[in-house]
1. In whole percent, what relative contact order does segment 26-73 give with Cα contacts below 8 Å and a gap of six or more residues?
2. Between beta-carbons, use under 10 Å as the cut-off and find the net charge around V37, counting Lys and Arg +1, Asp and Glu -1.
3. Just the accessible area per residue of the chain, please: how many Å² with a 1.4 Å probe?
4. Ignoring ligands, DNA and RNA, what percent of the 1.4 Å accessible area of segment 15-78 is carbon and sulfur?
5. Remind me, relative contact order of segment 1-52 in percent, using alpha carbon pairs under 8 angstrom and six or more residues apart?
6. Ordering I19, I68 from largest to smallest accessible area (1.4 angstrom probe), what's the sequence?
7. Against the 2.2 N^0.38 Å scaling, with N counting residues, where does the chain land? I'd like the Cα-based Rg ratio to two decimal places.
8. Taking a cut-off of 18 Å between Cα atoms, list the lysines near K30, but don't count ones fewer than 8 places away on the same chain.
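The values are calculated or read from the model by the stated rules, or taken from the named source; none is laboratory data. Since this is a predicted model, take the numbers as computed values, not measurements. Note that we place each Cβ from the backbone using ideal geometry, even for glycine, and neighbour counts take in every protein chain shown. Only protein heavy atoms, including side chains, enter the accessible area calculation; ligands, DNA and RNA are left aside. Shrake-Rupley method; radii C 1.70, N 1.55, O 1.52, S 1.80 Å.
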Amino acid sequence: MRQKEWKLVITFRTTADAIAFEKACKTNGKPGRMIPVPREISAGCGLAWSTVPEEKEGMTLFLEEQSIKCEEMKVLFC
């Protein structure tokens, strides 16, 4: 079983936004991975980007640079 830890979870309204963000992150070497949305929150498309909480400011700027809108950005223990 995986140990729980604090994570920054970024959710998206559409699958297209989630996939575009994943591609942009991989292209630009951003840390994290795509996960199913944790049950503690709800999101339109069911996909979320998970990374370390310290990346919150950087991810906010990166979303703006990429012109991708997130639904919610939350730090969770999951």
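1. The value is 30 percent.
2. Values: positive: R39; negative: E40, E71, E72.
Overall, the nearby charge balance is -2.
3. Ligands and nucleic acids excluded, the figure is 65 Å² per residue.
4. The value for segment 15-78 is 51 percent carbon and sulfur by accessible area.
5. Numbers: 68 pairs, mean separation 26.2, N = 52.
Reported relative contact order: 50 percent.
6. So, going from the largest accessible area down, we get I19, I68.
7. 1.00
8. By straight Cα distance, K30 reaches K7, K56, K69, K74.
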